[in-house]
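One structure follows; several queries about it will come next.
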Amino acid sequence: MAKVRVLFVCQQCGHKVAKWLGKCPECNEFNTLVEEVQKLDEGIRRPLLSEERPMSIAEVQPVDRPRVPVGLPELDRVLGGGIVIGSVCLIGGDPGIGKSTLILQLCEKVARQGRRVLYVSSEESIMQTKLRADRLGVGAPELYLVSETNLDMIRRYLEEMRPALAVIDSIQMIYRPEIPSAPGSVGQVRECAADLTFVAKRHGVSLFIVGHVTKEGAIAGPRTLEHLVDAVFYFEGDRFQSFRVLRGVKNRFGSTNEIGIFEMLSNGLREVPNPSELFMSQDRIGRQGSVVVPSFVGSRTLLVEMQALTTRAAYGMPARRVTGVDLNRVAILIAVLERRCGLGLGGQDVFVNAVGGVQVEEPAADLGVAVAIASSFRGKAVDAKAFVLGEVGLSGEVRGVTQAQARIVEGRRLGFERAVVPADNTRGLEAPEGLTVVPVRNLREALDELQ
Ligand code: TYD
Ligand code: MG
């Protein structure tokens with residue numbers, strides 16, 4: 001058995017101490033010390049991936065990494081076109097959000113293509129997994145299940161079976177027997193993931209590692225593994241609403257702008273064919289403080305309803321609270337509304353919400369947010385047949401946005417009749433039939449137009 005030493009390393013400054021402390025003695029930060037296990041009697045533990053020598057960049061032959069499309073378009077798009085053979089992906093998310101469900105459906109799709117898949121469940125028994133599989137209609141014979149938490153055993157299965165795809169659900173319960181710390185600790189999680197990554201790379205196995213995001217700062221969660229793997233995805237959504245968003249945050253083989261949208265039904269996750277409808281409430285008509293914004297997420301446009309509410313501040317400092325939009329941008333927009341349009345927002349609490357839990361952080365949503373705030377403050381509803389786009393500058397000017405054409409096409413597709421767009425964008429813009437394009441140069445013009 002290998003000799004090990006347990007140390008605690010500050011994530012902030014790298015200082016090492018022998019026992020856990022609440023505060024780092026070096027940089028005085030709180031809760032930054034995490035456990036690390038060091039081997040004392042082993043040199044290089046993992047052999048190198050290959051015996052290659054350095055070569056000139058000019059001599060390196062590009063190889064196209066083959067991909068296996070899963071067959072679920074929402075998932076394939078986020079993956080960058082399919083699973084890259086031999087790649088290691090991490091899927092993080094809150095407990096209960098649907099990671100196991102998504103992964104099992106993915107396994108089924110790959111196994112139905114005649115590829116061998118190994119699903120390692122470290123949290124549930126085979127019976128539990130089977131019950132879930134039945135509920136999902138999952139039953140491809142090439143899908144193998146095992147319930148195991150010992151890393152040595154999992155390595156053995158990988159080496160013996162050489163599956164095309166292997167899934168570890170979840171990494172937090174896996175342990176290496178020679179490491180004394182408990183499963184789920186930073187040391188265990190990191191070591192186990194590194195080992196599995198190594199085995200997968202050596203045998204060309206595509207590996208998905210599932211990790212729970214822990215509430216307490218996610219210290220032993222997927223964040224500690226992000227640098228180790230090829231791609232990182234987060235599965236998000238409100239546990240009390242049915243839809244879920246898969247978002248890429250790192251991808252060595254594709255873009256990280258894409259999102260995949262799913263709905264959780266009683267028989268598993270279903271892809272959402274028309275996601276724009278999700279992010280708008282059905283009875284918007286005549287409501288104050290609500291406006292629709294076409295927002296670019298990855299390679300497609302989603303129509304998102306922006307809602308704002310202003311009320312007289314009850315205690316001293318007015319509150320500014322937002323969900324789904326950037327708080328700093330909202331603060332700027334409030335200042336611009338106040339100074340350039342004369343709205344007395346100084347004594348008002350302002351709340352802004354992007355409906356449906358999406359994140360709309362691009363400047364193109366500025367005008368929508370500003371219009372929603374003004375609408376709530378003035379108590380006047382915005383024209384329900386209109387949507388707006390534009391970036392708002394500090395002097396109240398409305399600036400052009402990227403992809404204006406795609407945005408107005410999506411707006412028309414969902415039945416809107418008027419588009420309030422930056423004047424800068426109107427040159428070369430082709431309005432779809434039935435859509436009137438209203439160019440505006442500044443925030444004041446936009447407000448006059450819509451209210
Ligand atoms: P699960 O995939 O177990 O989540 P995670 O692996 O991220 O912890 O899914 C958990 C929730 O999903 C559970 O509360 C029940 C619900 N669910 C459905 O609504 N429909 C289904 O078909 C399945 C399998 C689960
Ligand atoms: Mg699970």
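The values are calculated or read from the model by the stated rules, or taken from the named source; none is laboratory data. As the structure is a computational prediction, the values presented were derived from the model and not from experiment. Glycine also receives a Cβ, built like all others from the backbone with ideal geometry; neighbour counts cover every protein chain displayed. Ligands, DNA and RNA are excluded from the accessible area calculation, which covers all protein heavy atoms including side chains. Shrake-Rupley method; radii C 1.70, N 1.55, O 1.52, S 1.80 Å.
Of PRO54, VAL88, GLY342, which is farthest towards the positive pole of the chain's charge dipole, taken about the Cα centre with +1 and -1 on the beta-carbons of Lys, Arg and Asp, Glu respectively?
GLY342
For ALA384, which sequence-distant residues (separation of 5 or more, or a different chain) have an amide H within less than 5 Å of its own amide H, given hydrogens modelled in the peptide plane?
Excluding prolines and chain starts, which carry no amide H, the hits are GLY286.
Pairing rule first: another cysteine's C-beta must sit under 4.7 Å. Under that rule, which cysteines of the chain stay single?
When partners are defined as cysteine Cβ atoms under 4.7 Å apart, the chain leaves CYS89, CYS107, CYS192, CYS341 without one.
Follow-up question, since we're still on this one. How long is the range 69-273 along each principal axis, judged by its Cα atoms, biggest number first, in Å?
Dimensions of the range 69-273 along the principal axes of its Cα atoms: 48, 39, 33 Å.
List every residue whose amide H lies under 5 Å from the amide H of LEU90, counting only residues 5 or more places away in sequence or on a different chain, with H placed 1.01 Å from N in the peptide plane.
Residues meeting the criterion, in which the H sits 1.01 Å from N, are ILE209, ALA231, VAL232, PHE233.
For each pair in LYS99/LYS201; LYS16/LYS250; LYS109/LYS130; LYS23/LYS250; LYS130/LYS201, compute the distance between the two Cα atoms and list the pairs where it is over 26 Å.
Pairs exceeding 26 Å: LYS16/LYS250; LYS23/LYS250; LYS130/LYS201.
In degrees, nearest 10, range 0 to 90: what is the angle between the Cα axis of helix 366-378 and the longest Cα principal axis of the chain?
Once rounded, the angle reads 50 degrees.
With θ set to phi - 60° and the Karplus curve 6.51 cos²θ - 1.76 cosθ + 1.60, what are the ³J(HN,Hα) couplings of the range 436-451 in order, to the nearest whole Hz, using x for Gly and Pro?
Result, rounded to whole Hz: 9, 9, 10, x, 10, 9, 8, 4, 4, 4, 5, 5, 4, 5, 9, 10.
A further question follows. Between PRO432, LEU367, VAL421, whose Cα lies farthest towards the positive end of the dipole of the range 349-451 when Lys and Arg beta carbons carry +1 and Asp and Glu beta carbons carry -1, centred on the Cα centre?
PRO432
Can you give the convex hull volume per residue for the Cα atoms of the chain, as a whole number of Å³?
Cα-based convex hull of the chain, divided per residue, equals 202 Å³.
A further question follows. With every protein chain kept in place and ligands, DNA and RNA left out, what is the accessible area per residue of the range 302-451? Probe 1.4 Å, answer in Å².
45 Å²
Dipole of the chain, Cα-centred, from +1 at each Lys and Arg C-beta and -1 at each Asp and Glu C-beta, to the nearest 20 debye? Write down the numbers at each step before the final one.
Details: 55 positive and 54 negative charges, 49 e Å.
Rounded to the nearest 20 debye, it is 240 debye.
Assuming R0 = 22 Å, what is the FRET efficiency of ASN267 and LYS130, from their Cβ-Cβ distance, to the nearest 0.05?
Values: r = 15 Å, r/R0 = 0.69.
Using R0 = 22 Å, I get an efficiency of 0.90.
I've got another one for you. Given a 1.4 angstrom probe, what's the average accessible area per residue across the range 69-273, in square angstrom?
So the range 69-273 comes to 39 Å² accessible per residue, rounded to a whole number.
Kindly sort TYR119, TYR144, TYR234 by accessible area of their heavy atoms, largest first, with the probe set to 1.4 Å.
Ranking TYR119, TYR144, TYR234 by accessible area, largest first, yields TYR144, TYR234, TYR119.
Okay, moving on. Once ligands and nucleic acids are excluded and a 1.4 Å probe is used, how much of HIS203 is accessible, expressed in Å² to the nearest 10?
50 Å²
Then there is this: How much of the accessible area of the chain, in percent, comes from carbon and sulfur atoms when a 1.4 Å probe is used?
Accessible surface attributable to carbon and sulfur in the chain totals 50 percent.
Let me ask another. Separation between the ASN31 and ALA140 pseudo-spin-labels, each 7 Å from Cα along Cα→Cβ, expressed in nm?
So the two model labels end up 4.1 nm from each other.
Arranged from highest to lowest average of other beta-carbon atoms within 10 Å per residue, in what order do the peptides 358-370, 259-271, 300-312 appear?
358-370, 300-312, 259-271
About the Cα centre of the range 306-451, how large is the charge dipole given +1 on each Lys and Arg Cβ and -1 on each Asp and Glu Cβ? Please answer in debye to the nearest 20.
340 debye
Here is a follow-up. Once both axes come from the Cα atoms, what is the angle between helix 126-136 and the longest principal axis of the chain, in degrees from 0 to 90, rounded to 10?
Long axis of 126-136 versus the principal axis of the chain: about 30 degrees.
What translational diffusion coefficient, in µm²/s and rounded to a whole number, does the Stokes-Einstein relation yield for the range 278-450 at 20 °C and a viscosity of 1.002 mPa s, taking the hydrodynamic radius as the Kirkwood radius over Cα pairs?
Approximately 137 µm²/s, per Stokes-Einstein.
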